[in-house]
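Engineer: Would you mind keeping the following structure in view while I ask a few things?
The values are calculated or read from the model by the stated rules, or taken from the named source; none is laboratory data. It should be emphasised that the depicted structure is a prediction, and the values quoted were computed from it without experimental measurement. Here the Cβ positions follow ideal geometry from the backbone for every residue, glycine too, while neighbour counts run over all protein chains shown. Areas reflect the complete protein model, heavy atoms only, side chains present, ligands, DNA and RNA absent. Shrake-Rupley method; radii C 1.70, N 1.55, O 1.52, S 1.80 Å.
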Amino acid sequence: GDGEPPFLTLAETLAAGGSVENIPGLALLKNGEPAVNLPDAPADLAALPVIDFTFVNASKYFFKNRSCERMLHVYASKGCTGTCAFCYNSGLAKGCWRQRPTDYVIEELRWLKEHYRIDGVYFVDDLIAPDRETLARFCRALIDSGLGIAWSCDIRADLFEREDFFLMAEAGCRWVMCGIESGTPAGQRQIKKYLDL
């Protein structure tokens, strides 16, 4: 499950000197044997705070990509609607995609640009958007923000149309990662990706 609530509960429990054995979503050793507690329901991403980057030196995490010298990894959502047999998301997200409030993401990007002069980000989301309408709203919010940051993301090849990529480009998207995994219909069925090749 989500790591944020169990991590906070773990920190608070350890600080109070309590037992961590029954914290939902925690994996631990019980009597020398591995044990995994069942997770709570997925976290409400709007209930999690805007990420406070003052706790880290973000410049240590810069990477370069074409025309970008100061890129960072950030996220705008969790999960994926896919059911691919090879992916951890089938078990973790169970086909559910959850979006962080876009204003949280833009606030973080604005802060990172002002304080670290980032010139690009890679949205490490497993799936940047599950449909065209959600993608369009996200792109328009980035355009309206005026940040002018180049970005990259992961998508499914079967969710978007040609015009969506023009809107993404207008919003600053410069690189798209798209897994095909198999070039045959039989392979697509076997891995449960089901792309229409």
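Engineer: Need the failing condition index for Met177 against (1) farther than 16 Å from Asp125 by Cβ; (2) of a type in the set (A, V, I, L, M); (3) exposed (fewer than 14 other Cβ atoms within 10 Å of the Cβ), just the number.
Structural biologist: For Met177, the failing item is (1).
Engineer: Out of everything in region 146-172 that is open to solvent by 10 Å² or more (accessible area, probe 1.4 Å) and assigned to a strand (DSSP E or B), what residue ends up being farthest from Ile128 (Cα to Cα)?
Structural biologist: Among those that are open to solvent by 10 Å² or more (accessible area, probe 1.4 Å) and assigned to a strand (DSSP E or B), it is Ala150.
Engineer: Right, another one. Is it the case that some residue within region 135-145 is closer than 30 Å to Gln190 by Cα and not acidic (Asp, Glu)?
Structural biologist: For region 135-145, residues closer than 30 Å to Gln190 by Cα and not acidic (Asp, Glu): present.
Engineer: Considering only region 1-85, give the strands (runs of 3 or more DSSP E) lying wholly within it that have at least 1 residues that are among the charged types (D, E, K, R), surrounded by 12 or more Cβ atoms within 10 Å (Cβ to Cβ) and free of Cβ contacts under 8 Å to residues at least 60 places away in the same chain. Quick ask: steps written out before the conclusion?
Structural biologist: Details: elements: 27-30, 33-36, 63-65, 68-74, 77-79.
Once the strands (runs of 3 or more DSSP E) in region 1-85 are filtered for at least 1 residues that are among the charged types (D, E, K, R), surrounded by 12 or more Cβ atoms within 10 Å (Cβ to Cβ) and free of Cβ contacts under 8 Å to residues at least 60 places away in the same chain, what remains is 68-74.
Yes/no matrix, rows are residues, columns are (1) under 30 Å from Pro39 (Cβ atoms); (2) not polar (S, T, N, Q):
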site: Thr81; (1), (2): yes, no
site: Glu107; (1), (2): yes, yes
site: Arg132; (1), (2): no, yes
site: Gly179; (1), (2): yes, yes
site: Lys192; (1), (2): yes, yes
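Engineer: Another question, if that's okay. Would region 87-101 turn up any residue that is in contact with a helix residue (DSSP H, G or I) (Cβ under 7 Å, 6 or more places away or on another chain), at pLDDT 95 or above and part of a loop (DSSP other than H, G, I, E, B)?
Structural biologist: Looking through region 87-101, none of the residues is in contact with a helix residue (DSSP H, G or I) (Cβ under 7 Å, 6 or more places away or on another chain), at pLDDT 95 or above and part of a loop (DSSP other than H, G, I, E, B).
Engineer: Against the condition under 14 Å from the mean Cα position of the chain (by Cα) and within 21 Å of Cys84 (Cα to Cα), how does Asp126 come out, does it pass?
Structural biologist: Values: under 14 Å from the mean Cα position of the chain (by Cα): yes; within 21 Å of Cys84 (Cα to Cα): yes.
Yes; evaluated as a whole, the condition is true for this residue.
Engineer: Can you give me the number of residues within region 105-145 that are open to solvent by less than 20 Å² (accessible area, probe 1.4 Å), assigned to a helix (DSSP H, G or I) and of a type outside the set (Gly, Ala, Ser)?
Structural biologist: Counting residues in region 105-145 that are open to solvent by less than 20 Å² (accessible area, probe 1.4 Å), assigned to a helix (DSSP H, G or I) and of a type outside the set (Gly, Ala, Ser) gives 9.
Engineer: Out of (1) closer than 20 Å to Val124 by Cα; (2) in contact with a strand residue (DSSP E or B) (Cβ under 9 Å, 6 or more places away or on another chain); (3) not aromatic (Phe, Trp, Tyr), what's the single condition that is false for Val50?
Structural biologist: That leaves (2) as the condition not met.
Engineer: So which residues in region 86-96 are of a type outside the set (Ser, Thr, Tyr) and either open to solvent by less than 40 Å² (accessible area, probe 1.4 Å) or farther than 24 Å from Ile51 by Cα (or both)? Break it down into steps so the answer makes sense when it comes.
Structural biologist: Of region 86-96, the ones of a type outside the set (Ser, Thr, Tyr) are 86-87, 89, 91-96.
Those that are of a type outside the set (Ser, Thr, Tyr) and either open to solvent by less than 40 Å² (accessible area, probe 1.4 Å) or farther than 24 Å from Ile51 by Cα (or both): Phe86, Cys87, Asn89, Gly91, Ala93, Lys94, Gly95.
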